[in-house]
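Have a look at the structure that comes next, please.
Coordinate-derived values only; no laboratory data. For clarity, every value in this text was computed on a predicted model and none was experimentally measured. Here Cβ is always computed from backbone atoms with ideal geometry, including for glycine, and neighbour counts include all displayed protein chains.
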């Protein structure tokens, strides 16, 4: 059920993304990757089940999520391209052709959304959370939390700092 709520059902298998097959859910239904104007906001606003997250990563998210991330985090596209490890020319082509990101880039999108959700809870809202993610942090060796989200170990450090702040630390 979580997958059904989190992902839209595709009426026709060919609509999942040009050149990419739609992933199958456990019931054999084809599902559409997360796309649309509210895709990244949806990922941030909802803590989805592990099964739904895995299905989304396997199926990919629409490349247009890059623009949504740029707007939501108020950063240049080059920052998002760096976090996603996607060359700029490739990303622009995927966006133009309305294609989906591969599973590695999709997993990074999900990771950024998870950290954003955690930061919003920690700092009480989107504005303070995005500001914190973009500021240099001494506990991260003078790097920004956002720049650390391209790897799981880096994201783990950001989670650790957010947990510390939640429990009275002063990172």
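Test of understanding: ordering 43, 140 by Cβ neighbours within 10 Å, fewest first, what list do you get? It would help to have the intermediate numbers written out before the result.
Numbers: 43 26, 140 16.
Going from least to most buried by this count: 140, 43.
Any chance you could list the semi-axes, whole Å, largest first, of the equivalent ellipsoid that the Cα gyration tensor gives for the stretch 81-132, using √(5λ)?
Values: eigenvalues 141, 24, 16 Å².
For the stretch 81-132, the semi-axes come out at 27, 11, 9 Å.
A further question on this structure: Using only the Cα atoms of the stretch 51-157, what are the Rg and Dmax in Å?
For the stretch 51-157, the Cα-based Rg and Dmax read 13.6, 40 Å.
Evaluate the distance, in nm, between pseudo-label points positioned 7 Å from the Cα of residue 126 and of residue 49 along their respective Cα→Cβ axes.
2.8
Please rank 167, 92, fewest neighbouring Cβ atoms within 10 Å first, as an exposure proxy. Working shown, then result.
Numbers: 167 7, 92 15.
In increasing order of surrounding Cβ atoms, one gets 167, 92.
Report the calculated FRET efficiency for residue 41 and residue 93 (r = Cβ-Cβ distance, R0 = 25 Å), to the nearest 0.05. Working shown, then result.
Details: r = 25 Å, r/R0 = 0.98.
Between residue 41 and residue 93 the formula returns 0.55.
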